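Have a look at the structure below before the remarks.
The values are calculated or read from the model by the stated rules, or taken from the named source; none is laboratory data. Source: prediction; values computed, not measured. Cβ sites come from the backbone with ideal geometry, for glycine too, and all protein chains shown count toward neighbours. Just so you know, the surface numbers come from the protein's heavy atoms only, side chains and all, with ligands and any DNA or RNA stripped out. Shrake-Rupley method; radii C 1.70, N 1.55, O 1.52, S 1.80 Å.
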Amino acid sequence: THTQNMKIYKLKNWLIILLISVASSGCTELYDESYNEIIADQFKPTEKDIPALIGSAYTQLRASMLDFDGIWRYQEITADEIVIPARPNGWVDGGLYRRAHEHSWTTTENWTRGLWTRIYQGITNCNRLIFQLESGFLPINDQDLYESMIAELRVTRACYHYFLCDLFGNVPISTKFDVPDGFLPEQSTRKQVYDFILTEITECLPLLSEERNQSTYARFNVWAARMLMAKMYLNAEVYIGIAEWEKCIQQCDLIINSGVGYQLEANQKNVFVTENENSPEIILGLAVDPKYTTSWNAFDHHMQTLPAGLQYKYGLTMEPWGGMCAIPQFIDTFDPDDSRYTDNFIYGPQYTSDGEPILISIGNSEYIGKPMNFVNEVNSIAQSEQHQGIRLEKYEIGIGSSNCLANDFVLFRYADVLMMKAECLLRTGKSDDAAALVTEVRKRAFKSAPEKAIVTGADLLKGSVYDYGVRDNRDTPTNTFEGGKDIKYGRFLDELAWEFNQEGRRRQDMIRFGVYTKKSWFSHTPNGDYRTLFPIPQREIDANANLKPNPGY
C-alpha cells in the first residue's frame, strides 16, 4: 500500500542517515568505512557493524549530558558547588543562570525543554533501532547476536528514562517507534517509571555481555547495567518513598566481585585525562573525539570556565568565553593536602605557555592590566570580575584543544560503586564498614599526608563542614550563617562532593541528603521543596493534554 511504501521509504532514509551520522560521531572505531552510499536492502549487517548500528543510541547520551544547557549543567549550577555569575563579558542571558542558582526557574525555561527534548530523542533512537531489528528491516541471522542487541538497546533506553525519572519524575514511558500520526503519550507516575526501568534492566541482564574490553567500552555490558540498577536503588527513597539500601549493596557487590578488572586508578586524575579510554576505573564512558564529534557544544567545559586570556596557557585554537567557577564556600571545604583540589581546579596566578603573566583584560578599571590571579571570591550571582572564582579542570584541558575536549565523558566509574556501597552501609548502621571503603577511595588523594586519608565510622556520622548560608557580597550584605552540622550524614555528603565534583551529579546527591531545598549558599536561598523536580516544560503540556504539571508548578 501507499502507507507501507512510505514507511519503507522512511526507514531506508533513517538507516542511511543513521549510518552516516554514526560514522562521523566518534562513538565507534569504524571511521574508515563509507556508509553514505548504502541502500538498505543491500545492507547485510555483520557482527563488526554492531557498534555503527547502535551508535546513535549512545550519541544522544553524550548530547543529553554535555550539549549546552544539558543535564551536566543543571545538575551542577542548581546545586552548591558551581555557579555561573554575571561576568564583565556577559553570562547574564536573560537571567536564566541566576534563576537556576536561586531556584526561581519557571515552566517556560528553554533549558527544561532542551533537557526533555534531547532525552526523548535518545529514547526515539533506541525505539527506532529496536523496531528495525524486530521488523527484520535490519536482518540479524544470529539469534544470540540479535537478542543481545535488543537487550543492549533496551537498557540504553532505560538509562534515558533514568534521566527523566531523576529530573522530571512523572513522565511518559516510551517504548514504541511505530506510532500513528498525532499520537499523544500517556503520563506515568514516577513510581511507574522507576518500576519500568528496573524491569527492563532485570529482563535484559542475562543477554548482555560480561566482557570488559574495547568491544564493550562505551556500551552497556552487564556491569554498566548493574551500575544503573544500583543508582536506581540508591535513590529509591527519593523516587518512590521506599529505601532500598540492601538492594543497592547487592548490585555494588556483584560489580566489585565481577573479576573483569575494574579498579581504582592510582591517581584520580588518570580517569579524566585526554586519552582516558583505557582507564580501568571507567565502567561506562561516553566517547568523544573532536574529529568526529561535531556538535558545537559537544564537550566545552573548558570554554565555559576559562577567561579569554587562558587561551594562551593551553594553546587553545579559539578564545574561551569563561564564566563558570566553583562556589567559594565549596572550595573552603577542601583540605589543602587533598589532591582532588590541586588536580581538579585552577587557582592562583596564571601564565602563558611561554611563562608570561596573563593580564586581566575587562571589568572594573582598577583590575584591568593587572596579573590574572584566580581568587576564591565572587561578588554575587549578579556581578563579578574576570579574576574572581576558582576555575574548573577536572577533565584535563589538552594543549591545543579546540572548543571540544578530546576526553571521553565518564558516566559511571568504579569509585562510585565503592561510595554507593559505603553510603548504604552507613545508612544501615554499619558506619565502620562504610569508613573502610571511604578510606580506600581517599588514600590516593592524600599521598603527601597519608594519615589524613583515614576516616572512622564516627567521622561519617558527623555533620557537614560546608559553611552554608548566603554569602552575597553586594553593597547591602545579606549574609547568613547556617553551617552544616545539622545535616544527617553530612560528612559523607562532603566526601561525595570532594570525590565527584564537576561530574554532573551534585543536585542528585543533595536531594538524597535533604539539603537541596533546605540550605542557603552563595546567592541562593530555599525556594520550595517542590523544586527537587524540574517543571515539565509548558510547551510540552500545551501540546499534549495527557500531561499534567509537576506539583508546585
Could you grab me the full set of residues in segment 519-553 that are among the charged types (D, E, K, R) and touching a Lys or Arg at 6+ places or on another chain (Cβ under 9 Å)?
Asp529, Arg539, Glu540
Where the second residue is among the hydroxyl-bearing types (Ser, Thr, Tyr) and open to solvent by 60 Å² or more (accessible area, probe 1.4 Å) and the first is at positive phi and lies in segment 173-201, which pairs have Cβ atoms under 9 Å and are six or more apart or on separate chains?
none
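Report yes if Phe43 is open to solvent by 10 Å² or more (accessible area, probe 1.4 Å), modelled with pLDDT under 95, under 30 Å from Gly389 (Cβ atoms) and in contact with a helix residue (DSSP H, G or I) (Cβ under 9 Å, 6 or more places away or on another chain), otherwise no. Give the steps one after another, and end with the answer.
Details: open to solvent by 10 Å² or more (accessible area, probe 1.4 Å): yes; modelled with pLDDT under 95: yes; under 30 Å from Gly389 (Cβ atoms): no; in contact with a helix residue (DSSP H, G or I) (Cβ under 9 Å, 6 or more places away or on another chain): yes.
It is false that Phe43 is open to solvent by 10 Å² or more (accessible area, probe 1.4 Å), modelled with pLDDT under 95, under 30 Å from Gly389 (Cβ atoms) and in contact with a helix residue (DSSP H, G or I) (Cβ under 9 Å, 6 or more places away or on another chain).
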The conditions are (1) more than 28 Å from the chain's Cα centre (by Cα); (2) within 24 Å of Ala326 (Cα to Cα); (3) open to solvent by less than 10 Å² (accessible area, probe 1.4 Å), and Gly457 fails exactly one of them. Which is it?
(2)
Which one of the conditions (1) open to solvent by less than 60 Å² (accessible area, probe 1.4 Å); (2) within 22 Å of Thr480 (Cα to Cα); (3) of a type outside the set (Asp, Glu); (4) more than 20 Å from the chain's Cα centre (by Cα) does Gln538 fail to meet, given that it meets all the rest?
(2)
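Do the conditions hold for Asp467, that is, is it open to solvent by 10 Å² or more (accessible area, probe 1.4 Å), part of a loop (DSSP other than H, G, I, E, B) and either in contact with a helix residue (DSSP H, G or I) (Cβ under 9 Å, 6 or more places away or on another chain) or within 30 Å of Ala63 (Cα to Cα) (or both)?
Values: open to solvent by 10 Å² or more (accessible area, probe 1.4 Å): yes; part of a loop (DSSP other than H, G, I, E, B): yes; either in contact with a helix residue (DSSP H, G or I) (Cβ under 9 Å, 6 or more places away or on another chain) or within 30 Å of Ala63 (Cα to Cα) (or both): yes.
Against the criterion (open to solvent by 10 Å² or more (accessible area, probe 1.4 Å), part of a loop (DSSP other than H, G, I, E, B) and either in contact with a helix residue (DSSP H, G or I) (Cβ under 9 Å, 6 or more places away or on another chain) or within 30 Å of Ala63 (Cα to Cα) (or both)), Asp467 qualifies.
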Would you check which residues across segment 142-199 are hydroxyl-bearing (Ser, Thr, Tyr) and within 27 Å of Thr216 (Cβ to Cβ) and list them?
Tyr146, Ser148, Thr156, Tyr160, Tyr162, Ser174, Thr175, Tyr194, Thr199
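Would you point out which residue out of Lys452, Lys485 is under 29 Å from Tyr74 (Cβ atoms) and either out of contact with any Lys or Arg (no Cβ under 6 Å at 6 or more places or on another chain) or open to solvent by 10 Å² or more (accessible area, probe 1.4 Å) (or both)? Spell out how you get there, then give the answer.
Numbers: Lys452 fails: under 29 Å from Tyr74 (Cβ atoms).
Only one candidate passes the filter, namely Lys485.
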If we scan segment 475-492, do we find a residue that is in contact with an Asp or Glu (Cβ under 8 Å, 6 or more places away or on another chain), modelled with pLDDT of 95 or more and part of a helix (DSSP H, G or I)?
yes
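With the requirement that a residue be of a type outside the set (Gly, Ala, Ser), in a loop (DSSP other than H, G, I, E, B) and more than 19 Å from Gln508 (Cβ to Cβ), what does segment 524-550 give you?
So in segment 524-550, the residues of a type outside the set (Gly, Ala, Ser) come out as 524-527, 529-542, 544, 546-550.
Narrowing further to those that are in a loop (DSSP other than H, G, I, E, B): 525-527, 533-537, 544, 546-550.
Of everything in segment 524-550, those that are of a type outside the set (Gly, Ala, Ser), in a loop (DSSP other than H, G, I, E, B) and more than 19 Å from Gln508 (Cβ to Cβ) turn out to be Thr525, Pro537, Asn544, Asn546, Leu547, Lys548, Pro549.
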Please find, within segment 273-309, the residue that is nearest to the chain's Cα centre (by Cα) out of those that are within 14 Å of Gly398 (Cβ to Cβ) and not in a loop (DSSP other than H, G, I, E, B).
His301
Index of the failed condition, Asn479 passing every other in (1) on the phi > 0 side of the Ramachandran plot; (2) without any contact (Cβ under 8 Å) to a residue 24 or more places away in the chain:
(1)
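Which residue out of Leu138, Leu129 is in a loop (DSSP other than H, G, I, E, B), within 30 Å of Ala52 (Cα to Cα) and open to solvent by less than 10 Å² (accessible area, probe 1.4 Å)? Walk me through how you get there before you give the answer.
On the way: Leu129 fails: in a loop (DSSP other than H, G, I, E, B).
Just one listed residue meets the conditions, Leu138.
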Selection count where residues are among the aromatic types (Phe, Trp, Tyr) and touching a residue at least 60 places away in the same chain (Cβ under 8 Å), scope segment 111-128:
1
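Within 26 Å of Trp245 (Cα to Cα) and crowded, with 16+ Cβ neighbours inside 10 Å: is that true of Arg212 in this structure?
no
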I'd like the residue in segment 186-201 that is hydroxyl-bearing (Ser, Thr, Tyr) and assigned to a helix (DSSP H, G or I) and, out of all such residues, is surrounded by the most Cβ atoms within 10 Å (Cβ to Cβ).
Tyr194
Could you list, in sequence order, the residues of segment 71-105 that are surrounded by 20 or more Cβ atoms within 10 Å (Cβ to Cβ), within 16 Å of Asp472 (Cβ to Cβ) and basic (Lys, Arg)?
Arg98
Checklist (1) open to solvent by 10 Å² or more (accessible area, probe 1.4 Å); (2) under 15 Å from Gly323 (Cβ atoms) applied to Ala406, failing item:
(2)
